Structures are given as C-alpha cells and as structure tokens.
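These notes concern the structure reproduced below.
The values are calculated or read from the model by the stated rules, or taken from the named source; none is laboratory data. Please read all numbers here as calculations on a predicted model, not as lab measurements. Note: ideal-geometry Cβ built from the backbone for every residue, glycine included; neighbour counts use all protein chains shown. These accessible areas exclude ligands, DNA and RNA; they are computed on the full protein's heavy atoms, side chains included. Shrake-Rupley method; radii C 1.70, N 1.55, O 1.52, S 1.80 Å.
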Number of protein chains: 2
Amino acid sequence: MDQVELFKALANKTRLQILTWLKSPEEHFPDYEPACGSTDVGVCVGYIQKKSGLTQSTISEYLSTLHRVGLVSATRVGQWTYYKRNEETIATLGSLIDTL
Amino acid sequence: MDQVELFKALANKTRLQILTWLKSPEEHFPDYEPACGSTDVGVCVGYIQKKSGLTQSTISEYLSTLHRVGLVSATRVGQWTYYKRNEETIATLGSLIDTL
DNA sequence: TTGGAATATCGGAAAAAGTCGATATATCTT
DNA sequence: AAGATATATCGACTTTTTCCGATATTCCAA
C-alpha cells in the first residue's frame, strides 16, 4: 500500500464524494435497485456518473484510480461493473494516519 | 479545514517524510541542538533542506504548504524559522478519515 | 552600515493530473 | 448476426504540481 498514491487518490473532490456516496447508496442513489444497484456488490458506474455530473470516461477513470489503490472493490456482472467501498483499506488508512 | 487541500499536501513523498522526521527530531537530525534546533519550537529550514537533498526554495515552499493546511506550526526566531508538527491537526485528520 | 547567513518569493521548464470526445470492447437481447 | 447498452481505453488539450535557479527580504554581527 503506497501512502503517496493513496493520498493522491484522495486529493480530489469528486473521488472523495464518490467514497462518501458509496457509504450509503440507498440514500445517495434515488433509483438504486436490483437492476443496477442493490445487493451488496455495490453501485454501477452509470449511477455514479450521473450523480457526479462529469463524463462517463472521467468517472470510469476515477473509479479505476480508487480501485487501483484499493479503496473500492470492483465486480463485473454482465455489462455492469459494480463498485463498492473497501472498508478494510479505509480502516488501514486510519491506522496509517496514526503512524504519520 | 479543507479535506482536499489536506490530502494534496500529504500526496508527496518529501512532504510526508518531513512530517515523520519532525516526529522525532533528535533521531533524524544529527546535529540537532540549541543553535538551530532544540527547545520545542521545532527544526529550522536548513536542517530539513539538507536532509531532503532538494533545494532550499523547494523545501521552503513545501514547509509553507504544510503550514498553510495546518499540519505544522512555524515560529520565527531571529533569522531562523522553526517548523514543528501540529499534532492537533494531525489528530483531527485521523478522525476525518473515520468520517470518510 | 555593510556584509553575511537564513529564509521567502518569483519566474519558468518539465511532468503529472483533470477532463473531455471519440472509439473500442464486452455483454445482452432479439 | 445485429443492434443496443454499459464500461473501458485512447488521444488531445488545459490546468496543476514539481522542482529549480535567481533574486528579494530579514536579521545578525562586526
């Protein structure tokens, strides 16, 4: 786990927002439902993209950034990729701050 | 306290190192002493600069970045500016991670 | 008050990040 | 097999960050 890369990933307003949106999907994604949401695999790219107001390509890249540093997990199901918070990494981040 | 700015400040190898160096100055700065070190105001710019291997202007700017976001305090004494960790902000950062 | 030392600020070149539109890939449906 | 849909990747352009050298500022000492 590269500290600098982790902080870089967090040093962006939209990526931080995504992380908090994913904390309670039901609350942040109105039509969150089994079609492309629900269960516990996470939320698909399209929902996140619409909410962010940025383009599809940008959000896809942001999600891949968050995934690369381990802050979210990605699960492909059919044509959708569901992204979900990786609480383990986030917790590790907390203890990382302590060692700062 | 702007989260994004805080993470940006931490998203740099040298700035992270400075923060850990300042955690135990006696250990990281060989000739740390009253002349330009010691007491508890912190460590002067020159020491940090030499240890980092980067130029004076770069380190001065990095320290001002860390100061701007509140991660360190700065105390001018004569021709020296002493920088010291601001444990309060760092602790706040820890709880900020929890709210992530 | 002049020179030297420590730090800060300015201006710039190069690298990285932000963000887009266009296109490619994968998958589902019919 | 063809078209539609979701996501990923590519190329380009703009903005930001990194890091430097040169210069300015501040303060001390002779």
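As a summary of the residue check, B:LEU10 satisfies the conditions (1) at the interface with chain A (Cβ under 10 Å from one of its Cβ atoms); (2) open to solvent by 20 Å² or more (accessible area, probe 1.4 Å); (3) of a type in the set (A, V, I, L, M) except for the one numbered (2).
Is it the case that some residue within segment A:19-30 is at pLDDT 95 or above, within 12 Å of chain B (Cβ to nearest Cβ), surrounded by 16 or more Cβ atoms within 10 Å (Cβ to Cβ) and more than 15 Å from DNA strand C (Cβ to nearest atom)? There is at least one residue in segment A:19-30 that is at pLDDT 95 or above, within 12 Å of chain B (Cβ to nearest Cβ), surrounded by 16 or more Cβ atoms within 10 Å (Cβ to Cβ) and more than 15 Å from DNA strand C (Cβ to nearest atom). Checking B:SER95, B:SER38, B:SER64 one by one, the residue that is under 26 Å from A:ASN12 (Cβ atoms) and modelled with pLDDT under 95 is B:SER95 and no other. The criterion of at least 3 residues that are within 30 Å of B:ILE18 (Cβ to Cβ) is met, among helices (runs of 4 or more DSSP H) falling completely within segment A:1-76, by A:3-10, A:13-21, A:56-68. Per the conditions (1) within 14 Å of DNA strand C (Cβ to nearest atom); (2) surrounded by fewer than 17 Cβ atoms within 10 Å (Cβ to Cβ); (3) not basic (Lys, Arg), the sole criterion not satisfied by B:TYR82 is (2). Is at least one residue of segment B:41-60 open to solvent by less than 50 Å² (accessible area, probe 1.4 Å) and within 18 Å of B:ALA91 (Cα to Cα)? No, segment B:41-60 contains no residue that is open to solvent by less than 50 Å² (accessible area, probe 1.4 Å) and within 18 Å of B:ALA91 (Cα to Cα).
With respect to the conditions (1) open to solvent by less than 60 Å² (accessible area, probe 1.4 Å); (2) away from chain A (no Cβ under 14 Å); (3) away from DNA strand D (no atom under 14 Å from the Cβ), B:GLY94 lacks only one, and its number is (2). Filter segment A:77-89 down to residues that are more than 12 Å from DNA strand D (Cβ to nearest atom) and not in a helix (DSSP H, G or I) and give me whichever is farthest from B:ASP98 (Cα to Cα). Within segment A:77-89, the match that is farthest from B:ASP98 (Cα to Cα) is A:LYS84.
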